[in-house]
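The structure under discussion appears below in the form of structure tokens.
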Amino acid sequence: MPAPLLPIPVTIDDIRTAHDRVRANIVRTPTLISKTLSDLTGATVYLKFENLQFTAAYKERGALNTLLQLDEAARAKGVIAASAGNHAQGLAYHAHRLGIPATIVMPTNTPTVKVVQTEGHGATVILEGDTFDAAYAHARELEAERGYTFVHPFDDPRIVAGAGTTAIEMLEDVPEIDTFITPIGGGGLISGMAVVAKAADHPIEVIGVEAELFPSMYNRINGTQYPCAGDTLAEGIAVKEPGAITSNMVRQLVDEILLVSERSLEHAVSLLLQIEKSVVEGAGAAGLAALLDHPERFAGRTVGIVLCGGNIDTRLLANVLLRDLARSGRLARLKVRLKDQPGALYALFRIFNEQRINIIEVYHQRIFTSLPAKGLITEIECEARDRSHLDRLIAALKDADYEVSAIELA
């Protein structure tokens, strides 16, 4: 049975006040049209580049709005949070700038780079437990023991109001936006944006997006029981339990929640780098992933998408880009059966040359194969202009009586 609806604890005036409070100390990130993405999707697409904040995420807005409302006693004792991501860095940065001691509790398996970055913003980092839940529990214990103020990453009206300032700026820059497509983790960002949308002078549809692996808010709103687990590219919105405050707000203010696959998230991250020349993490690309998956749903609409964060591991980003090139046919690994005799490889390579396909790597397999002793399998990594160019190569190989198959990605 759904939870009873409660009064909305954040008003448009709260968000306007929050914007006045924080605007001098955050980046006024641009909201820009993407002509290429508009042509690709059939919508008029505007992107809000929150990945250009100093800590590369919108989380600074809510953190700063909360810090600025603390009294002197609370400021002197300091703040504490449990986070391994963007909230940790946003809170640490602005707390240090304001002279407020900050302690961040992170799971012991947090990547070293995130620990170092958070410490670099002046926070004390405590590693505790193997999971976020364990780190969260320890942070609440320290809050009680030491009198710290706990700053929740999403389930706090001050955080929601700060996050909502993103939508204030988007509508100031592009008043004609009629649809927000916004990632959902704990629900702070979309809750604040939905308040702004519903207070606008024209109807604005609010669509939330979650990764298929972590549909926690979708479950809460729709009464479903889909599992929340797995290694998602969108770890910034990989939340098992959404907030109580934010769930109530989403239930009343958000029009629909869409789920996107890992493949769609990877494609969106890759497109944003290729088209917009902008590095965006998986969670930040979720809005675009939903638009790409459901172009008919948004055709003809004026869509505003928040690129809510840009903190992605460089090695992971490289893997995402290469996988997307492989799926598009620009990179491929072909498995070809050859006779183990002089000139066999030369004859094969001649066809690659005729088709103007660049060979990157060659792998021979003579031992671990079911072929006769005089047969071998060669795997060739190659680069084509596009899928049709690759298809022409495969057709030419088959015309020359080679057994050839492409190794496909999932």
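Taken together, the criteria place residue 361 among residues that are among the acidic types (Asp, Glu), within 33 Å of the chain's Cα centre (by Cα), under 24 Å from residue 388 (Cβ atoms) and open to solvent by 80 Å² or more (accessible area, probe 1.4 Å). Against the criterion of being in contact (Cβ under 8 Å) with a residue 60 or more places away in the chain, of a type in the set (A, V, I, L, M) and surrounded by fewer than 20 Cβ atoms within 10 Å (Cβ to Cβ), residue 174 qualifies.
A quick yes/no check of all residues on (1) part of a helix (DSSP H, G or I); (2) in contact (Cβ under 8 Å) with a residue 24 or more places away in the chain; (3) surrounded by 18 or more Cβ atoms within 10 Å (Cβ to Cβ):
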| residue | (1), (2), (3) |
| --- | --- |
| 190 | yes, yes, yes |
| 202 | no, yes, no |
| 225 | no, no, no |
| 239 | no, yes, yes |
| 242 | no, yes, yes |
| 247 | yes, yes, yes |
| 250 | yes, yes, yes |
| 266 | yes, yes, yes |
| 289 | yes, yes, yes |
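The selection criterion, being hydrophobic (A, V, I, L, M, F, W, C), open to solvent by 10 Å² or more (accessible area, probe 1.4 Å) and either without any contact (Cβ under 8 Å) to a residue 24 or more places away in the chain or not in a loop (DSSP other than H, G, I, E, B) (or both), does not hold for residue 207.
Restrict the check to segment 271-283 and report whether at least one residue is of a type outside the set (Val, Ile, Thr), at pLDDT 95 or above, open to solvent by 20 Å² or more (accessible area, probe 1.4 Å) and in contact with a His (Cβ under 9 Å, 6 or more places away or on another chain). No, segment 271-283 has no match at all.
Pairing each residue of segment 156-171 that is within 18 Å of residue 30 (Cβ to Cβ) with any residue that is open to solvent by 20 Å² or more (accessible area, probe 1.4 Å), provided the two are 6+ apart or on different chains, yields C-beta distances under 6 Å for 166/58. Among residues of segment 117-143 that are assigned to a helix (DSSP H, G or I), those with a beta-carbon under 6 Å from a residue that is surrounded by fewer than 17 Cβ atoms within 10 Å (Cβ to Cβ) and modelled with pLDDT of 90 or more at least six positions away or on a different chain give the pairs 143/150. Check segment 134-152 and report whether any residue there is under 16 Å from residue 236 (Cβ atoms) and either modelled with pLDDT of 95 or more or touching a Phe, Trp or Tyr at 6+ places or on another chain (Cβ under 9 Å) (or both). Yes, some residue in segment 134-152 is under 16 Å from residue 236 (Cβ atoms) and either modelled with pLDDT of 95 or more or touching a Phe, Trp or Tyr at 6+ places or on another chain (Cβ under 9 Å) (or both).
Taken over segment 15-54, the criterion of being basic (Lys, Arg) and closer than 20 Å to residue 178 by Cβ is satisfied by 35, 48. Comparison of 334, 316, 321 shows that the only residue that is open to solvent by less than 40 Å² (accessible area, probe 1.4 Å), on the phi < 0 side of the Ramachandran plot and touching a residue at least 40 places away in the same chain (Cβ under 8 Å) is 334. Only strands (runs of 3 or more DSSP E) whose full extent lies in segment 1-91 are considered here, and the ones with at least 1 residues that are surrounded by fewer than 24 Cβ atoms within 10 Å (Cβ to Cβ) are 31-33, 44-48. Taken as a whole, the structure places residue 259 among residues that are under 19 Å from the mean Cα position of the chain (by Cα) and either in a loop (DSSP other than H, G, I, E, B) or over 19 Å from residue 88 (Cα atoms) (or both).
The criterion of being hydroxyl-bearing (Ser, Thr, Tyr), open to solvent by 10 Å² or more (accessible area, probe 1.4 Å) and either under 14 Å from the mean Cα position of the chain (by Cα) or within 26 Å of residue 49 (Cβ to Cβ) (or both) holds for residue 232. For segment 369-399, taking the residues that are small (Gly, Ala, Ser) and at pLDDT 85 or above, the one that is surrounded by the fewest Cβ atoms within 10 Å (Cβ to Cβ) is identified as 388.
The lone criterion from (1) over 22 Å from residue 281 (Cβ atoms); (2) open to solvent by less than 10 Å² (accessible area, probe 1.4 Å); (3) in contact with an Asp or Glu (Cβ under 7 Å, 6 or more places away or on another chain); (4) not small (Gly, Ala, Ser) left unmet by residue 150 is number (2). The residues of segment 337-358 that are assigned to a helix (DSSP H, G or I), touching a residue at least 12 places away in the same chain (Cβ under 8 Å) and of a type outside the set (A, V, I, L, M, F, W, C) amount to a single one, 354.
The residue of segment 92-116 that is farthest from residue 51 (Cα to Cα), among those that are at pLDDT below 95 and part of a loop (DSSP other than H, G, I, E, B), is 108.
The values are calculated or read from the model by the stated rules, or taken from the named source; none is laboratory data. What you are looking at is a predicted structure, and each value in this text was computed from that prediction instead of being measured. Virtual Cβ from ideal backbone geometry, glycine too; neighbours counted across all protein chains shown. Surface accessibility is based on the protein's heavy atoms, side chains included, excluding ligands, DNA and RNA. Shrake-Rupley method; radii C 1.70, N 1.55, O 1.52, S 1.80 Å.
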